[in-house]
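The next block holds one structure in the form of structure tokens; read it before the comments.
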Amino acid sequence: AKVKQPISNGLVSKGRLLSVKMAALSKDDGSSVDQSLNPRVAALQPSKTMALTDLARALKEQGVPVIGLAAGEPDFDTPAAIVEAGVAALREGYTRYTPNAGTSQLQAAICHKLQEENGLEYEPKHIVVSNGAKQSIAQAILATCGPGDEVVIPAPYWVSYPEMVRLSGAEGVVVPTFQEEGFLLSPDSLSAALTDRSRVLILCSPSNPTGAVYPRERLQEIAQIVSRHPRLLVISDEIYEHIIYPPAEHVSFASLPGMWDRTLTVNGFSKCFAMTGWRLGYLAAPAAFALACARVQSQQTSGASSVAQHAALAALGLGRAGGQPVQEMKEAFHARRDYVVGRLQSMEGIQLSSPDGAFYVMPDVSSFLGPSVEALSWGPVPDVDSLCRYLVEEAQVALVPGDAFGIDTCLRISYAASMEVLTEALDRIENALKPDRFSGR
């Protein structure tokens, strides 16, 4: 079944500790200036992940020992060789504007990486380097979609996909996936969601927020369906490609037969290389789409940071799949995944399957929700937003409610934190979710 967009994504804004609130842009400050906004901008919802991460920081600054597991950010330092390349770029005077779509050296290095690791043949004219993969995705949607178009978004989805679609004037069509099916889009569900207005299908593998990894066989089934719809394109978000746990393997959608012409592949350096603050991502696409995305970028931000691009060259020079530095981070994430999954699966009332990639788990907590459910020391817990408020107030652990991702029975936990921090956080969660602390379940 398909669900037309509107998608609620409001901020958590009540509770005893949640005093940090976002002021409305249209708040009356006594000004006589017309403060009306573009309707598309006015309709945008704030990101709960950003809001809860900011909340955790603010509470820590107030002396509250909150553990934040809301952010999708590696806790590792950027590998030393990458940092040194950035420092060298500064010292050698690489501090000026860069070409709009990226330096020729980085474009060539990305083409080489895509050929060697993903089996994809591109030329520099197909590459657009941007200020993060988020910008790459936003530009891809703006360049290909508009009013009257539909964009198919499997749920759970990354929080920004629906809002990017909304800003383009297109309509989001949300297609639910289910934990018992590995949170993978099924061929039947996709077929049922497609119409003559369908313009883009967004795929994310490994997935934020579920950690699901699409196997080759499922992608081939999806590709067969895509091939039957002449207008349909695919935006393949592959930002977590190296954070994947055997026996799962990453498959680039554009590498499948007949899909190169239809696919806009997005990747970057933030997650796998622990370079979130460097802000660098890229798009690889057929020339017409790459040129369109570059035009959008030229009128908004222009070229990405010169220093970050020099650092990215060093990142791609670490070796296949990031070499030893990325392998060490992946091994740490793997151990954390096993620990977090084991702890959560042992807690009464939580349902969870082990994900194959990224650094998130999305447990089903529906047994703690309902009109008659109450946390005895706190109050009613009718929905997942309430449960997350309860956990941040009573357990002092900040998590993201699943309705931010289009699923109201789950919450997302990031295990991009040290084992010590994860152990303390899970101890607190387990204590807060003990059966004797709830009634009406």
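The values are calculated or read from the model by the stated rules, or taken from the named source; none is laboratory data. Because the structure is predicted, anything quoted here is derived from the model rather than measured. Heads up, the Cβs are rebuilt from the backbone with ideal geometry, glycines too, and the neighbour counts pull from every protein chain shown. Quick note on the areas: whole protein, heavy atoms, side chains included, nothing else; ligands and nucleic acids left out. Shrake-Rupley method; radii C 1.70, N 1.55, O 1.52, S 1.80 Å.
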The one condition Val392 fails out of (1) at pLDDT 95 or above; (2) buried (at least 19 other Cβ atoms within 10 Å of the Cβ); (3) under 21 Å from Gly68 (Cα atoms) is (1)
Listed by first then second residue, the pairs whose first member lies in the range 410-425 and is more than 23 Å from Ser367 (Cβ to Cβ), whose partner is open to solvent by less than 10 Å² (accessible area, probe 1.4 Å), with beta carbons under 8 Å and at least 6 positions apart or on separate chains, are Ala416/Phe333; Ala416/Phe359; Ala417/Leu69; Ala417/Ala425
>> Within the range 233-244, does at least one residue satisfy the condition of being without any contact (Cβ under 8 Å) to a residue 40 or more places away in the chain and either in contact with a helix residue (DSSP H, G or I) (Cβ under 7 Å, 6 or more places away or on another chain) or of a type in the set (Lys, Arg) (or both)?
In response: yes
Going through (1) buried (at least 21 other Cβ atoms within 10 Å of the Cβ); (2) closer than 27 Å to Val173 by Cα one by one, Gly146 fails only at (1)
When (1) surrounded by fewer than 21 Cβ atoms within 10 Å (Cβ to Cβ); (2) in contact with a Phe, Trp or Tyr (Cβ under 9 Å, 6 or more places away or on another chain); (3) not charged (D, E, K, R) are applied to Tyr360, the one that fails is (1)
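Taking the condition open to solvent by 10 Å² or more (accessible area, probe 1.4 Å) and either at pLDDT 95 or above or at positive phi (or both), does Ser306 pass? Talk me through it step by step, then tell me what you get.
Numbers: open to solvent by 10 Å² or more (accessible area, probe 1.4 Å): yes; either at pLDDT 95 or above or at positive phi (or both): yes.
Yes.
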Scanning the range 405-436 residue by residue, the ones that are crowded, with 18+ Cβ neighbours inside 10 Å, out of contact with any Gly (no Cβ under 9 Å at 6 or more places or on another chain) and in a loop (DSSP other than H, G, I, E, B) total 3
When (1) open to solvent by 30 Å² or more (accessible area, probe 1.4 Å); (2) farther than 28 Å from Asp77 by Cβ are applied to Gly402, the one that fails is (1)
The residue that is most open to solvent (accessible area, probe 1.4 Å), considering only those in the range 99-139 that are part of a loop (DSSP other than H, G, I, E, B) and over 22 Å from Val200 (Cβ atoms), is Glu121
Scanning the range 86-130 residue by residue, those among the hydrophobic types (A, V, I, L, M, F, W, C) and closer than 29 Å to Leu291 by Cα turn out to be Ala89, Ala101, Leu106, Ala108, Ala109, Ile110, Cys111, Leu114, Leu120, Ile127, Val128, Val129
